[in-house]
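> One structure, pasted below without further comment.
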Amino acid sequence: MGRILVTGGAGFVGSHVAEELLLRGHEVTVLDDLSGGFVDNIVEGARFVQGSINNVDLVNRLCAEHRFDYIYHLAAYAAEGLSHFIKRFNYENNLIGSINIINAAINNNVGCLVFTSSIAVYGASPSLPMREDALAHPEDPYGIAKLAVEQELAASKEMFDLNYIIFRPHNVYGERQNIGDKYRNVVGIFMNQLLQERAMTIFGDGTQLRAFSYIRDIAPIMADAVDVPGAYNQVFNIGADQPYSVNELAVAVARSMGKEPEILHVPARNEVQFAYSSHEKLRSVFGETHQHSLAEGLARMAQWVKAHGARSSSKFEGVEVEKNFPKAWLD
């Protein structure tokens, strides 16, 4: 078993991956600045270090002291739409912070770096479902940053023989998600609004298509990845197969919460209309795995959300570009 660093391990996805790694007998250290995660999410048995991936000295010291066998780099601020308006923040956290991790991995001979990218790298793909061999054409700064890190990992493999595995998850939801973040995670946003007896807000007409991925379907695959030689130096889409419109999602979320769906349509924002991916490559390497249906996944998350209650939605402090900022986010 290996010594593993999980960045963003107090976040939603990171905590589940850390939990799966511990179940497999690995020694897990979590690095998180708690800007988007919560202490309650840190799984029992993991060593917790509070700090940012932007703290170069901390990252270098941590990797030198613990000599990690593997790094799971899951720390990010994953708000595609908001990233247009927080460009510097986006690139500092999602690109420069990632470079700090990559440098430390190279300098400390890490065996493999597992990175969570995003299907945002595809942009508005001309063919659906999106496949890994499709031309990447991101349309927002978040996707641009993720693609840049992917390219840096490929270059670092060529130059320094740093092994990597890249996962491109999409629209992940489930227990421990921050439902109080009004800029991302539509399932959590809907559930939080329902807990507050508010209408579920949808940008535009709600015909946008997405496949919504339950966290417990993807975390085990990601945790297994470092022990799958065929996964090394590859890129994989990961998540649910079946797309739904945002309108359909709203009805399903309301049903899971035992509520009647009340929907408020607000002006459309600039976003990709149709985005869902193929997982044939993933299955060819990892085999067939169980996927919860949307109803099953939502029911599990709804049970957790009801037990933990609503969360207040705070405004993002430090918007850098106010032009064309969606009015729905000003409330």
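> Rounded to two decimals, what is the ratio between the C-alpha radius of gyration of region 179-226 and 2.2 N^0.38 Å?
1.48
> Assuming 0.36 nm per residue, please report the length gained on full extension of the stretch N60 to D224 beyond their Cα-Cα distance. Intermediate results must be reported in sequence, preceding the final value.
On the way: separation 164, 0.36 × 164 = 59.04 nm, distance 2.58 nm.
Taking N60 through D224 to full extension adds about 56.5 nm, to one decimal.
> Sticking with this one: Taking 1 over the mean of 1/r across every pair of different Cα atoms in region 177-264, what Kirkwood radius in Å do you get?
Details: mean 1/r = 0.0677 Å⁻¹.
The answer is 14.8 Å.
> Which values of log₁₀ I(q)/I(0), to two decimal places, follow from the Debye formula for the chain at q = 0.08, 0.12, 0.13, 0.15 Å⁻¹ with a uniform point scatterer at every Cα?
Once normalised to I(0) and log-transformed, intensities are -0.34, -0.81, -0.96, -1.32.
> Just how many % of Cα pairs in region 123-248 lie over 18 Å apart, if you round to the nearest whole percent?
Roughly 64 percent, once rounded to a whole number.
> Moving on. Filter the chain for me: DSSP H helices, axial length by Cα at least 24 angstrom, mean Kyte-Doolittle hydropathy not below 0.0. List them by residue number. List each step's numbers first, then the result.
Details: long enough: 141-160 (27 Å, 0.11).
For the chain, where a helix must reach 24 Å along its axis and average at least 0.0, the hits are 141-160.
> Among residues other than E80 whose Cβ falls under 15 Å from its Cβ, what is the net charge (Lys/Arg +1, Asp/Glu -1)?
Working: positive: K87, K146, R168, K182, R184, R210, R269; negative: E139, D140, D181, E271.
Charge balance near E80 sits at +3.
> Related question: Say we join alpha carbon atoms closer than 10 Å with springs in a Gaussian network model of the chain; which of K315, K281, K87 then has the biggest fluctuation?
K315
> Report, as a whole number in µm² per second, the diffusion coefficient that Stokes-Einstein gives for region 27-121 at 37 °C and 0.692 mPa s using the Kirkwood radius over alpha carbon pairs. Provide the component values of the computation, followed by the final result.
Working: Rh = 14.1 Å.
Rounded to a whole number, D works out at 232 µm²/s.
> Now, a different point. What do you get for GluC sites (Glu not before Pro) in region 253-310 restricted to DSSP loop and a cutoff of at most 13 other Cβ within 10 Å of the site's Cβ?
Numbers: sites: E262, E271, E280, E288, E296; in loops: E262, E271, E288.
Within region 253-310, the qualifying GluC sites (Glu not before Pro) (loop, at most 13 other Cβ atoms within 10 Å) are E262, E288.
> Could you give the distance between the Cα centres of region 16-35 and region 256-291, to the whole Å?
Here the two parts' Cα centres lie 26 Å apart.
> How high is the relative contact order of the chain, in percent, counting Cα pairs under 8 Å that sit 6 or more residues apart?
Relative contact order of the chain: 18 percent.
> Just to be sure I understand: with springs between alpha-carbon atoms less than 10 Å apart, which residue in I71, I42, I263 has the highest mean-square fluctuation in the Gaussian network model of the chain?
Of I71, I42, I263, the most mobile in the Gaussian network model is I263.
> Follow-up. Sort C63, C112 by Cβ crowding within 10 Å, fewest neighbours at the top.
Values: C63 24, C112 21.
By the 10 Å Cβ count, ascending, the order reads C112, C63.
> Assuming R0 = 41 Å, what is the FRET efficiency of D133 and Q196, from their Cβ-Cβ distance, to the nearest 0.05?
On the way: r = 44 Å, r/R0 = 1.06.
E between D133 and Q196, to the nearest 0.05, is 0.40.
> Sort T201, T7, T289, T29 so that the residue with the fewest other Cβ atoms within 10 Å of its own Cβ comes first and the one with the most comes last. Don't skip to the answer; put the middle values down first.
On the way: T201 18, T7 30, T289 14, T29 21.
In increasing order of surrounding Cβ atoms, one gets T289, T201, T29, T7.
All of the numbers you see were taken from the coordinates with simple rules; none came from a lab. Being a predicted model, the structure only gives us computed values, none of them experimental. All Cβ positions, even for glycine, are placed from backbone atoms using ideal geometry, and neighbour counts span all protein chains on display.
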